[in-house]
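The values are calculated or read from the model by the stated rules, or taken from the named source; none is laboratory data. Quick caveat: nothing in here was measured; it's all calculated off a predicted structure. We place every Cβ from the backbone using ideal geometry, glycine too, and count neighbours over all the protein chains shown.
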Amino acid sequence: MPAKPARNRRLAPSLTNSPARGDGQAMAGALRAVNPAGVVCLNVRFRPKRDTRICHHHTQLPFGATLLRLPTATGATAMPETFAEIRLPTDELRDDIPFFTKVLGMRMDSIYPADDPSVAVFSGHGLRIRIEKGTSEPPGTIRIRCEDPFAFADGKRELMAPNGTRIEIDELNPPLVLPETVHSFVVRRLADQAPWIIGRAGMQYRDLIPDRLGGSIIASHIRIPDGGPVPDMVHYHTVGFQLIFCYRGWVDLVYEDQGEPFRLHAGCCVIQPPEIRHRVLYASDNIEVIEIGVPAEHVTTIDHEMVLPNETVNPDRLFQGQRFVHHKTEDAVWQPHPRDGFQCRDTTIAANTGGVAGVQVLRHAEENTDVIPTHHRHDADIHFTFVMDGKMTLEGEGREPHDLEPGDAFVIPPGMATRYTNVSNDIELLEVTLPG
Ligand SMILES: [Fe+2]
């Protein structure tokens, strides 16, 4: 069996293969980073399509305001050109100019009035700021993310601008750090739990590992009662491992470099290798999936550039060492499982992730109906099981037995002796281990 992973595993190297982000996305990120109490000032210039009249317009709009194409005097549609500025206060503009230009490497775009400047506009790093004397908003915080923080601002990670704005310098693509697993014996029963949590887009969530083992894993039971088109965008997750197992119903999905969209049926699963672009297209009524994510908290990024399906078809492509897997029930090969009375179908996920994780479906082994199960121990870091069908009793060493039904889930810590008894013939278990 593989050794227990080292503490604070750094799974993914610096994600330098990420596509360059557009300025708009970088700016949106920068805007979110600034104190929301700040004021955003939108400068709008209308560039007419067909006539030669140019109107310079200057206005202030709150966050979230939308500017629409406006007709010109001749009725032609104008294409508005829009710049958002974050306004920051200052007492003495002349102190700020060298800081924002020389230290932060921004450029000064405008300054006025000439005799006694009170406003200066700087742009750079996807951000545009307007520093103005006598304004009342707080000075806020600017986060600058760059590929090499040590080559920026003399390697300082925190600075204070003369106007009071705090500057944080961070890595553009920080390596993924997996927290140390906090082992515990967890039994999550469907019947005992609070109602489903209503999430985004009508999706309902059950948290199957509430303590998340110290942040090392999230396991969710997700269902969508009303199927139909899913309002999703092409996106990717910065993760160490991610599994989508279709428990009930079906869902249409499309993945980067994996060809045309396909339907994921009940009993089948996919893994989403780190940063693979994908999109959920359509779901059946009453679809239910089990989603596993490692670590529990990870960043999801929208890719505004990629259209799926894309032209390249390369199923062997490695995404940070992992190959995309679509495991289908009809491809299953059943084999013995170490637990007495069980057999399993392997999803090939361990082989295709380089051993990051293993995913198996367990069922009753008919030839072993009379076997009295012995206790079993594992030495995986994480061992998660979801009861998909049938009934069984989970007996843990020194613990009260748990009678389990479909929808129940449990985590067994390494080294703990357990056995499955009173197993019904229709038992079906989803078993996920890390490493695989
Ligand atoms: Fe996703």
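Selection within segment 255-290: residues that are aromatic (Phe, Trp, Tyr) and either buried (at least 19 other Cβ atoms within 10 Å of the Cβ) or out of contact with any strand residue (DSSP E or B) (no Cβ under 6 Å at 6 or more places or on another chain) (or both). The member of this set that is farthest from residue 307 (Cα to Cα) is 262. Residues of segment 377-407 that are assigned to a strand (DSSP E or B) and under 21 Å from residue 223 (Cβ atoms): 384, 385, 386, 387, 388, 389, 404. Residue 231 - would you say it is within 22 Å of residue 299 (Cα to Cα), free of Cβ contacts under 8 Å to residues at least 60 places away in the same chain, assigned by TED's automatic domain parsing to the domain that holds residue 355 and out of contact with any Asp or Glu (no Cβ under 9 Å at 6 or more places or on another chain)? In short, yes.
Of all the numbered requirements in (1) away from the ligand (no atom under 16 Å from the Cβ); (2) within 22 Å of residue 324 (Cα to Cα), residue 280 misses one, and that requirement is (1). Quick check, is residue 330 at pLDDT below 95 and either outside any loop (DSSP other than H, G, I, E, B) or away from the ligand (no atom under 14 Å from the Cβ) (or both)? The answer is yes for residue 330. The strands (runs of 3 or more DSSP E) found entirely in segment 209-265 that carry 1 or more residues being away from the ligand (no atom under 14 Å from the Cβ) are 218-224, 241-248, 250-255, 262-265.
Tell me, yes or no, whether segment 371-378 has at least one residue that is in contact (Cβ under 8 Å) with a residue 40 or more places away in the chain and under 33 Å from the mean Cα position of the chain (by Cα). Yes; the residues of segment 371-378 include at least one that is in contact (Cβ under 8 Å) with a residue 40 or more places away in the chain and under 33 Å from the mean Cα position of the chain (by Cα).
Yes/no per residue for (1) in contact with a His (Cβ under 7 Å, 6 or more places away or on another chain); (2) basic (Lys, Arg); (3) modelled with pLDDT of 95 or more:
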residue	(1), (2), (3)
224	no, no, no
227	no, no, no
230	no, no, no
233	no, no, no
240	no, no, yes
249	no, no, yes
255	yes, no, yes
259	no, no, yes
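Taking segment 106-142, which residues are farther than 15 Å from residue 90 by Cβ and touching a helix residue (DSSP H, G or I) at 6+ places or on another chain (Cβ under 9 Å)? Result: 107, 124, 125, 126, 127, 128, 141.
Residue-wise test of (1) assigned by TED's automatic domain parsing to the domain that holds residue 240; (2) without any contact (Cβ under 8 Å) to a residue 12 or more places away in the chain.
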{"residue": "93", "(1), (2)": "no, no"}
{"residue": "100", "(1), (2)": "no, no"}
{"residue": "107", "(1), (2)": "no, no"}
{"residue": "134", "(1), (2)": "no, no"}
{"residue": "151", "(1), (2)": "no, yes"}
{"residue": "167", "(1), (2)": "no, no"}
{"residue": "192", "(1), (2)": "yes, yes"}
{"residue": "197", "(1), (2)": "yes, yes"}
{"residue": "202", "(1), (2)": "yes, no"}
